[in-house]
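Visitor: So that we are looking at the same thing, I have put the structure below in structure tokens.
The values are calculated or read from the model by the stated rules, or taken from the named source; none is laboratory data. A quick note: this is a predicted structure, and the numbers were derived from the prediction, not measured. Here the Cβ is made from the backbone with ideal geometry for all residues, glycine too, and neighbour counts use every protein chain on show.
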Amino acid sequence: MTTRRKPEELRSHRWFGASDMRGFGHHSRAAQMGYSRADYEGRPIIAIVNTWSDINACHAHFRQRAEEVKRGVLQAGGFPLEMPAIALAEVFQKPTTMLYRNLLAMETEELLRSYPVDGAVLMGGCDKTTPALLMGALSMNLPAIFMPAGPMLRGDWRGKYLGSGSDVWKYWAEKRAGNLTDAQWHAIEDGIARSPGHCMTMGTASTMTSAAEALGFTLPGAASIPAADSRHGRMAADTGRRIVDMVWEDLKPRDFVTAAAVDNAITTVLAIGGSTNAVVHMVALARRAGVALSIDRFDALARRTPLVANIRPAGKYLMEDFYYAGGLRALLGEIADLLDLDAMTVNGKTLRDNIAGAETFNHDVILPRDKALVAQDSLAVLRGNLAPDGAVIKPAAAEPHLWRHTGPAVVFADYNDLAARIDDPALPVTKDSVLVLQNAGPQGAPGMPEWGQLPIPKKLLAGGVRDMVRISDARMSGTSYGACVLHVAPESFVGGPLAFVRDGDLIELDVPGRKLELKVSDGELARRRAEWKRPAPRFERGFGALYQQHITQADQGCDFDFLEGTAPTPEPEIH
Ligand code: FES
């Protein structure tokens with residue numbers, strides 16, 4: 001039986017329970033905002049951490065959703081306070097939102113720590129906002145529930161469905177090949193994003209909100225509801241109602257984010273054909289919960305997990321179709337034997353309870369196991385002398401003839417070099433070449449941007465080539481596809497072997513053998529290493545300087561070293 005806390009045991013009681021001079025300040029300033037003591041005394045104070053911003057199109061509905069969350073909190077007897085946090089708008093923020101994921105995580109943690117908060121509703125969805133909010137909440141470990149933004153509606157162009165990202169890459173390649181006019185390109189631009197909500201392909205956003213649900217961080221079924229659907233608003237109010245009880249029950253993130261829940265989330269990511277970005281985020285998240293996750297766990301679980309969500313970029317449909325087909329609950333029901341159903345979730349019930357009775361309404365969207373898009377290995381972890389600490393590839397997104405490939409390297413020193421030369425007709429490149437991008441990792445880029453889907457050189461595009469082996473220490477958008485080896489660790493900027501690759505070196509990719517080898521002798525590699533000079537730091541001051549001093553490599557989750565782990569942090573003194 002759940003024990004309920006007493007009002008004087010609430011964390012906020014430290015601010016509002018004392019009748020001293022500081023207590024006077026807290027009460028008088030609450031009164032200044034128009035609140036009577038009856039509004040908040042003895043009630044759980046719920047922070048609504050809202051990543052709304054004018055620049056975040058994916059969260060355009062969050063002002064209204066915050067009101068719906070507040071309605072739920074008030075109905076359940078709580079006292080809601082909306083607290084804005086940095087929005088991390090994927091498309092607009094440069095060089096990449098990944099540079100700021102840990103900043104939002106820190107902001108979330110410290111907002112909750114420094115204010116009179118008893119519980120939190122975390123409102124996010126656009127790519128890095130989900131892992132950042134969860135990381136911060138895990139570190140603070142107050143009762144917290146995630147309210148996912150929901151996917152936007154399907155894109156539309158001439159009656160064809162358009163998918164975020166995936167169709168941009170597809171039609172951009174056609175435009176570069178001369179098959180689309182400017183007017184057609186602009187019409188695609190106008191139709192691809194036509195409602196609030198995050199990207200509606202299985203990009204990082206849908207991947208991480210689904211992972212959050214599988215971790216137990218959302219109400220059942222929440223992650224799949226399209227942002228524009230009225231059921232999304234009702235889910236927001238339900239979320240507000242639930243957090244108040246979570247506070248009374250003292251149900252905290254580290255109570256349910258266990259090793260078993262992490263495995264459930266990884267299995268879910270693999271079964272939905274999720275973004276490779278999940279590897280970095282899940283490692284960081286798990287470590288904040290005290291779960292020592294290694295990237296090899298993805299490879300181990302991939303060997304037994306079928307990819308059953310027929311969603312772009314791996315499949316055919318979009319997130320709206322997925323919702324109508326039964327959504328994540330239905331999918332989890334299809335792979336229930338691969339999950340630990342005893343894992344607890346925010347509603348105080350097990351995953352088993354939460355998926356009980358879930359039905360699949362369209363078996364072409366959520367595929368039966370025997371018709372899986374791939375039976376196993378939707379993601380693979382590679383190692384070898386080119387990636388001693390690992391690299392990842394999504395074999396399902398690559399042309400199968402490239403899973404085993406050896407070819408000569410064409411090396412680009414950084415993204416500017418790539419942009420300047422990739423379409424040069426004189427570039428010595430063939431369909432068998434291996435494109436290598438250096439200095440695109442956590443420190444080198446900086447921020448490990450989604451540059452890993454290197455463009456196919458124009459002259460090869462014109463010849464009909466649509467995929468080739470590409471290797472970098474960057475990440476890749478979950479909406480991308482191709483034989484792209486990503487997250488090479490250690491990165492080239494800090495002296496990883498990727499820094500020593502030269503034009504013409506042979507590189508062997510062997511996905512079934514999980515190998516990535518530079519066919520250069522150890523002696524020659526040692527000679528090149530001795531000649532190598534570490535590049536100057538990217539930042540002399542500011543957040544960038546903090547970032548470069550503390551960022552960990554991709555296989556470690558790219559967290560800040562001082563934010564990892566579960567060592568206790570003191571509550572603020574109130575004097
Ligand atoms: Fe926000 Fe894709 S741009 S999720």
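Visitor: Might you check whether a residue that is out of contact with any Ser or Thr (no Cβ under 9 Å at 6 or more places or on another chain), assigned to a helix (DSSP H, G or I) and surrounded by fewer than 16 Cβ atoms within 10 Å (Cβ to Cβ) occurs anywhere in region 549-558?
Guide: Step one: filter region 549-558 for residues out of contact with any Ser or Thr (no Cβ under 9 Å at 6 or more places or on another chain), giving 549-554, 556-557.
From the residues that got through so far, the ones that are assigned to a helix (DSSP H, G or I) too are 549-550, 554, 556.
So of that shortlist, the ones also surrounded by fewer than 16 Cβ atoms within 10 Å (Cβ to Cβ) come out as 549-550.
Yes, the conditions are met somewhere in region 549-558.
Visitor: Considering only region 162-263, give the helices (runs of 4 or more DSSP H) lying wholly within it that have at least 1 residues that are modelled with pLDDT of 95 or more, within 13 Å of the ligand (Cβ to nearest atom) and in contact with a helix residue (DSSP H, G or I) (Cβ under 9 Å, 6 or more places away or on another chain). Full working, then the answer.
Guide: Working: elements: 166-176, 182-191, 204-215, 230-249, 253-256.
By residue number, 204-215.
Visitor: Could you give me the residue pairs with C-beta distances under 8 Å whose first residue belongs to region 185-203 and is closer than 10 Å to GLY155 by Cβ, whose second residue is away from the ligand (no atom under 11 Å from the Cβ) and charged (D, E, K, R) wherever it lies, and which are 6+ apart or on separate chains?
Guide: Going by the 8 Å Cβ cut-off, the qualifying pairs are ILE188/ASP167; GLY191/ASP156; ILE192/ASP167; ARG194/ASP156; MET200/ARG154; MET200/GLU320; THR201/ARG312.
Visitor: Let me ask you something else. Could you figure out which of (1) touching a Cys at 6+ places or on another chain (Cβ under 7 Å); (2) over 18 Å from SER480 (Cα atoms) isn't true of ALA183?
Guide: All conditions are met except number (1).
Visitor: Turning to a different aspect of this structure: For region 43-71, which residues satisfy the criterion of being outside any loop (DSSP other than H, G, I, E, B), without any contact (Cβ under 8 Å) to a residue 60 or more places away in the chain and acidic (Asp, Glu)?
Guide: GLU67
Visitor: Of all the residues that make up region 6-51, how many are within 17 Å of VAL117 (Cα to Cα) and within 34 Å of the chain's Cα centre (by Cα)?
Guide: The qualifying residues number 11.
Visitor: Could you check how many residues of region 455-503 are hydroxyl-bearing (Ser, Thr, Tyr) and modelled with pLDDT of 95 or more?
Guide: Of region 455-503, the ones hydroxyl-bearing (Ser, Thr, Tyr) are 472, 477, 479-481, 492.
Now restrict to residues that are modelled with pLDDT of 95 or more: 472, 492.
The number of residues fulfilling the criteria is 2.
Visitor: Only residues that are part of a loop (DSSP other than H, G, I, E, B), over 18 Å from the mean Cα position of the chain (by Cα) and either under 15 Å from THR97 (Cβ atoms) or of a type in the set (D, E, K, R) (or both): list them for region 447-494, please.
Guide: Within region 447-494, ARG466, ASP467, GLU491 meet the criteria.
Visitor: Looking only at region 387-396, decide whether some residue is in contact with a helix residue (DSSP H, G or I) (Cβ under 8 Å, 6 or more places away or on another chain), β-branched (Val, Ile, Thr) and within 18 Å of ILE507 (Cα to Cα).
Guide: Within region 387-396, the subset in contact with a helix residue (DSSP H, G or I) (Cβ under 8 Å, 6 or more places away or on another chain) is 387-390, 392.
Those left that are additionally β-branched (Val, Ile, Thr): 392.
Filter once more, keeping what is within 18 Å of ILE507 (Cα to Cα): 392.
Looking for residues that are in contact with a helix residue (DSSP H, G or I) (Cβ under 8 Å, 6 or more places away or on another chain), β-branched (Val, Ile, Thr) and within 18 Å of ILE507 (Cα to Cα), one finds at least one in region 387-396, hence yes.
Visitor: If you go through region 422-440 one residue at a time, how many are in a loop (DSSP other than H, G, I, E, B) and in contact with a His (Cβ under 8 Å, 6 or more places away or on another chain)? Quick ask: steps written out before the conclusion?
Guide: Residues of region 422-440 in a loop (DSSP other than H, G, I, E, B): 422-433, 438-440.
Right, trim to in contact with a His (Cβ under 8 Å, 6 or more places away or on another chain) and you get 432.
Matching residues across region 422-440 total 1.
Visitor: Could you say whether any residue in region 409-416 is assigned to a helix (DSSP H, G or I) and among the polar types (S, T, N, Q)? Before the answer, list the steps.
Guide: Filtering region 409-416 for residues assigned to a helix (DSSP H, G or I) gives 415-416.
With among the polar types (S, T, N, Q) added as a condition, the list becomes 416.
Checked region 409-416: at least one residue is assigned to a helix (DSSP H, G or I) and among the polar types (S, T, N, Q).
Visitor: Report, by residue number, each residue of region 515-552 that is under 18 Å from MET468 (Cα atoms) and among the basic types (Lys, Arg).
Guide: Of all residues in region 515-552, those under 18 Å from MET468 (Cα atoms) come to 515-518.
Listed by number, the list holds a single entry, LYS515.
Visitor: Looking at ASP39, ASP54, which is the one that is surrounded by fewer than 19 Cβ atoms within 10 Å (Cβ to Cβ) and within 16 Å of the ligand (Cβ to nearest atom)? Lay out the reasoning, then the answer.
Guide: Working: ASP39 fails: within 16 Å of the ligand (Cβ to nearest atom).
It is ASP54.
Visitor: For GLY348, which of the numbered conditions (1) more than 24 Å from GLY273 (Cβ to Cβ); (2) touching a strand residue (DSSP E or B) at 6+ places or on another chain (Cβ under 6 Å) fails to hold?
Guide: (2)
Visitor: Look at SER480 and say whether it is away from the ligand (no atom under 16 Å from the Cβ) and hydroxyl-bearing (Ser, Thr, Tyr). So that I can check it myself, show each step before the final result.
Guide: Numbers: away from the ligand (no atom under 16 Å from the Cβ): no; hydroxyl-bearing (Ser, Thr, Tyr): yes.
Criteria not met by SER480.
Visitor: Exactly one condition in (1) under 22 Å from LEU332 (Cα atoms); (2) touching a Pro at 6+ places or on another chain (Cβ under 8 Å) is not met by GLY197; state its number.
Guide: (1)
Visitor: Which residue, of THR108, THR2, THR96, is touching a helix residue (DSSP H, G or I) at 6+ places or on another chain (Cβ under 7 Å) and at pLDDT below 95? Steps first, please.
Guide: Values: THR108 fails: at pLDDT below 95; THR96 fails: touching a helix residue (DSSP H, G or I) at 6+ places or on another chain (Cβ under 7 Å).
Being touching a helix residue (DSSP H, G or I) at 6+ places or on another chain (Cβ under 7 Å) and at pLDDT below 95 holds for just one of THR108, THR2, THR96, which is THR2.
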